[in-house]
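Colleague: Take this structure first; my questions come after.
Rule-based calculations on the coordinates, nothing more; no lab input. On a predicted model such as this, the values are computed, not experimentally measured, just so you know. As a convention, Cβ positions derive from the backbone with ideal geometry for all residues, glycine included, and neighbour counts pool all protein chains shown.
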Amino acid sequence: MQELHMNLENCYGIKKLNKTIDYSNNNVAIIYAPNGTMKSSLAKTFEAIRDDRQVEEKVYGLKSTCNIFDEHNVALSKEQIIVINPFDENAYEGQGLLMADDELRKLYLSIYESIESKKESLYSKIKEKFGYSTRSNFDVKNSMLNDWGLTSKQEYECLINIKELLRDPVMACSLHEDDLKYHSLFNEKVYSMMKTGKTGELIEEYENKYRELVNKSLYATRNY
């Protein structure tokens, strides 16, 4: 694309804008304007095109005109648009649209989607192994990251670390994985009890109360 022509009228606060951006010497263009003039409205216009929505003028309900096309009078398609709003760190995650080369973009998206699919399959199997039903709201990914004190951007780093630890014989557990009831051991009630710092005292209190009740019972006896 060498040129981008914009003919806009009544588009999210933009009364009228007829502008051509020349990309023949540079593939970057910067629009600088005071606050409250047109920048956010222009972004909303591009977002509407990207999302297959009708461009609007919401305040007064005026009829909107939106024509954006290249030097060959070919309209800008939604596949050519990406809008990254301020403070939205994940705006372009999972999208290869920032790549100019079409073949490289398709290859990237194919690899990315394959990794994402296998990752989600892994989390589903872990959830099932832990004893949670498919309808449970237990989130394997977020629970894993919280346990490791990591952010979502460090997800793959966390998975690699876990993979390496699983190969470490020092980390071997004498219990078989089927003997571990994750959903019973790790839940909000257990976390709450552990955070009090009085776990030992609570267990001792429970044991003493149990013995007291058994000793008073006419039917129950202790066999240890």
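Colleague: Fewest first, what order do Val214, Val170 take by the number of other Cβ atoms within 10 Å?
Modeller: Numbers: Val214 12, Val170 5.
Arranged by neighbour count, lowest to highest, Val214, Val170 become Val170, Val214.
Colleague: Starting at the first residue of segment 107-124, write each ³J(HN,Hα) from the Karplus equation 6.51 cos²θ - 1.76 cosθ + 1.60 with θ = phi - 60°, in whole Hz, x for Gly and Pro.
Modeller: Along segment 107-124, the couplings run 5, 4, 4, 5, 5, 4, 5, 5, 5, 4, 5, 5, 5, 5, 5, 4, 5, 5 Hz.
Colleague: For Lys198 and Leu159, calculate 0.36 nm times their separation in residues minus their Cα-Cα distance, and state this gained length in nm to one decimal.
Modeller: Details: separation 39, 0.36 × 39 = 14.04 nm, distance 3.27 nm.
My answer for the length gained is 10.8 nm.
Colleague: Assign one of three labels to segment 1-42, namely rounded, prolate or oblate, based on the Cα gyration tensor with a ≥ b ≥ c the square roots of its eigenvalues; rounded applies when a/c is under 1.5, prolate when it is not and a/b is larger than b/c, and oblate otherwise. Could the numbers behind the result be given before it?
Modeller: Working: a/c = 3.34, a/b = 1.63, b/c = 2.05.
Oblate.
Colleague: Moving on to the next point. Determine, for Met1, Met171, Met6, the number of other Cβ atoms within 10 Å of each Cβ, and report the residues in order from fewest to most.
Modeller: Working: Met1 14, Met171 10, Met6 19.
By the 10 Å Cβ count, ascending: Met171, Met1, Met6.
Colleague: Compute the distance from the alpha-carbon center of segment 21-65 to that of segment 103-117, in whole Å.
Modeller: Centre-to-centre (Cα) distance: 30 Å.
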